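These notes concern the structure reproduced below.
The values are calculated or read from the model by the stated rules, or taken from the named source; none is laboratory data. Being a predicted model, the structure only gives us computed values, none of them experimental. Note that we place each Cβ from the backbone using ideal geometry, even for glycine, and neighbour counts take in every protein chain shown.
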Amino acid sequence: MNIALFGPPGAGKGTQAKELSKHYNIPHISTGDILRANVRDGTELGVKAKEYMDKGELVPDAVLIGLIRNRLTEADCKNGYLLDGYPRTIPQADALADILKEISKPLDAVINIEVSDEELVKRLSGRRSCACGESYHLMFNPPEKEGVCNACGAALYQRDDDKEEVIRQRLTVYNKKTKPLIDYYGNSGLLVNVDGTGSVDSVFVVVCRIMDQYK
Ligand code: ADP
Ligand code: ADP
Ligand code: ZN
């Protein structure tokens, strides 16, 4: 099953992807998580990426294309993959099509999670994240124990780019550079829209109904 989860920052891609990855036993490939791991480890890639991430800008396409090529050719992708946060520009989507052709794993669907801007700002400003990739929300999806990750027990933190100023910038960048992919995948017949405003569990049920078609 070869799926891309698409949607604006805060739509719930990461939250859904974590559960879907377990449910369907396919790897969750989050370019944001990979970049943040590089920032934490202080790699050359991480140092370069951080400048863009802190400002709410996209990291350059060439960096992301190299990164996703390496990741998709790893052995655990043989039965499929779940992309989260890639592609985010038309050049990234074009490069993805080339890579997927080379490895004979074309996309089955691009699932677009739709949420209003007002709700996105609420979700992002209350988000609390864990280095393991889990994310929570102070009100909508709190951890069992305040400030502590359910999955791994580590302390939760607020991402630097989840501050109000940077959130606005990320939404602007989404509208300008990423949203055109809705038409791009709409025209190729791969796009499936999902209402992302329900509870985490209700959105999960709807997404599973779509993904079950590609089992
Ligand atoms: P994305 O990966 O698309 O940026 P996340 O999955 O990190 O989004 O979710 C953004 C924030 O919204 C997190 O704080 C998360 O706990 C919360 N969230 C996710 N899905 C829902 C939902 N269906 N209803 C309310 N809050 C949600
Ligand atoms: P969210 O889904 O909450 O917006 P991500 O964790 O997906 O956040 O991404 C965080 C940041 O990492 C982005 O704002 C951007 O700077 C960078 N990034 C992640 N994926 C990409 C991508 N495909 N292209 C360019 N930059 C990316
Ligand atoms: Zn954790």
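Would you mind stating whether P106 is closer than 26 Å to D41 by Cα, modelled with pLDDT of 95 or more and of a type outside the set (D, E, K, R)? For P106, the condition - closer than 26 Å to D41 by Cα, modelled with pLDDT of 95 or more and of a type outside the set (D, E, K, R) - is not met.
Can you pull out the residues in region 66-91 that are buried (at least 20 other Cβ atoms within 10 Å of the Cβ) and either on the phi > 0 side of the Ramachandran plot or out of contact with any Ser or Thr (no Cβ under 9 Å at 6 or more places or on another chain) (or both)? Hits for region 66-91 are L72, Y81, G85.
Note on region 148-162: residues that are away from ligand 1 (no atom under 14 Å from the Cβ) and in a loop (DSSP other than H, G, I, E, B) total 3. Look at (1) in contact (Cβ under 8 Å) with a residue 40 or more places away in the chain; (2) of a type outside the set (A, V, I, L, M); (3) within 13 Å of ligand 2 (Cβ to nearest atom); (4) farther than 16 Å from Y174 by Cβ and you find that R123 fails only one, number (4). The sole residue among A131, A97 that is surrounded by fewer than 17 Cβ atoms within 10 Å (Cβ to Cβ), within 15 Å of ligand 2 (Cβ to nearest atom), farther than 22 Å from P180 by Cα and among the aliphatic types (A, V, I, L, M) is A131.
If you filter region 163-197 down to residues that are in a helix (DSSP H, G or I) and of a type in the set (A, V, I, L, M, F, W, C), you find that the one that is surrounded by the fewest Cβ atoms within 10 Å (Cβ to Cβ) is I182.
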